[in-house]
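Notes follow the structure.
The values are calculated or read from the model by the stated rules, or taken from the named source; none is laboratory data. The shown structure was predicted, so the numbers you read here are calculated from the model rather than taken from an experiment. Every residue, glycine as well, gets a Cβ built from its backbone with ideal geometry; the counts of neighbours run over all protein chains shown. Each accessible area value is taken on the protein alone, full model and side chains, heavy atoms only, with ligands, DNA and RNA left out. Shrake-Rupley method; radii C 1.70, N 1.55, O 1.52, S 1.80 Å.
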Amino acid sequence: MADKEKLVLPKHLGLILDGNRRWATEQNMPSFKGHIKGAEVLREISIAAFRFGVPIVSAFVFSHENWNRSKTEVTYLLKSLVFFINKYLDEIIENEIKIVFVGSRDGLPKPVLEALDNAVKQTQNFDQGTLALCINYGGQQEIVDATKKLLRQKIDPNKLSIAEFQKSLYSPELPPVDLVIRTSGEYRNSGFMLWNTAYSEYAYVDKHWPDFNKQDLRVVLLYYAKRHRRFGK
């Protein structure tokens, strides 16, 4: 996006990666093929977003509700996470992209945690883009966990502010999400970063996530640049 300096781009882009299974079904493939393809598209779109000038991308990769899927599919989903991290970590490092884990560690298999911890450690000092992976994540659970943390700290409720509450979130350093893209023609939030998306703009795309491409991203970013955000004013 050569004219990015003239456009108002989101500082924080959220991605709800919907439609991997439906894409696989339409291609007469097993569902795990859709998750693998989805991981590859996440790599492509994230790097494209950074090059367009978006500094932070958060991707809703694995939700709390995903545990309710079949054991076989959950296994493939988690394996695709490890696949994504291990296959592209060298490229992520080469591009000096910082990886952030957003979610609960409870219940995640050891290989997933090891891959995540390794990626976070190796990229923690990079500043050419931040890719936040929302894994084992639920927006309501994040708020509950933040509340539990504050209760353990025995904070004075009279001194509790929005800014203080945010410090107890999974990744308090992440700013508000400016724009959320959801694919596969679904029109809902599904618990994605509920705190951070309070004033987000939304773009809903009919394509399944594996078919989403850089031109689609460009179109959505141009749409966002024309929006007038009032923040309740």
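The figures follow:
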| read-out | value |
| --- | --- |
| Compactness relative to 2.2 N^0.38 Å, alpha carbon Rg of segment 1-53 | 1.46 |
| Per residue Cα convex hull volume in Å³ - calculated over segment 18-128 | 104 |
| Listed residue (I36, S184, T75) projecting farthest to the positive dipole end of the chain, Cβ model | S184 |
| Per-pair calculated FRET efficiency, R0 = 25 Å: D117 and N28 via Cβ, rounded to 0.05 | 0.10 |
| For N189, distant residues with modelled amide H under 5 Å away | none |
| Two-site FRET efficiency, R227 against D206, from Cβ-Cβ distance with R₀ of 22 Å, rounded to 0.05 | 0.65 |
| Rg over Rh [alpha-carbon atoms, Kirkwood Rh] for segment 120-159 | 1.16 |
| Calculated [θ] (222 nm, deg cm²/dmol) that DSSP helices of n ≥ 4 give over the chain, each run adding -39,500 (n - 2.57) | -13500 deg cm²/dmol |
| Lys, Arg +1 and Asp, Glu -1 on Cβ, resulting dipole of the chain about Cα centre, debye, nearest 20 | 480 |
| Cα pair distances exceeding 14 angstrom across segment 79-121, given as percent | 46 |
| Kyte-Doolittle at least 0.0, axis length at least 15 Å by Cα - qualifying DSSP helices, the chain | 31-52, 71-94, 214-225 |
| N213-E164 FRET efficiency (beta carbon distance; Förster radius 41 Å; 0.05 resolution) | 0.50 |
| Proximal lysines relative to K79, as straight alpha-carbon distance under 19 Å, when same-chain residues fewer than 8 apart are discounted | K33, K37, K71, K87, K110 |
| Accessible carbon and sulfur surface of the chain relative to its total accessible area, %, 1.4 Å | 50 |
| Charge tally in the Cβ shell below 12 Å around F192, where Lys, Arg are +1 and Asp, Glu are -1, F192 excluded | -2 |
| GNM top mover of A163, A119, A48 - the chain, alpha-carbon springs below 10 Å | A163 |
| Highest average packing first - 152-158, 88-94, 215-221, 105-111, Cβ atoms within 10 Å | 215-221, 88-94, 105-111, 152-158 |
| Cα extents of the chain along the three principal axes, largest first (Å) | 57, 46, 35 |
| Most to least packed among 67-76, 203-212, 21-30 [average Cβ atoms within 10 Å] | 203-212, 21-30, 67-76 |
| Solvent-accessible heavy-atom area per residue, rounded to whole Å², over the chain at 1.4 Å | 53 |
| Segment 1-151, relative contact order [Cα under 8 Å, separation at least 6], % | 27 |
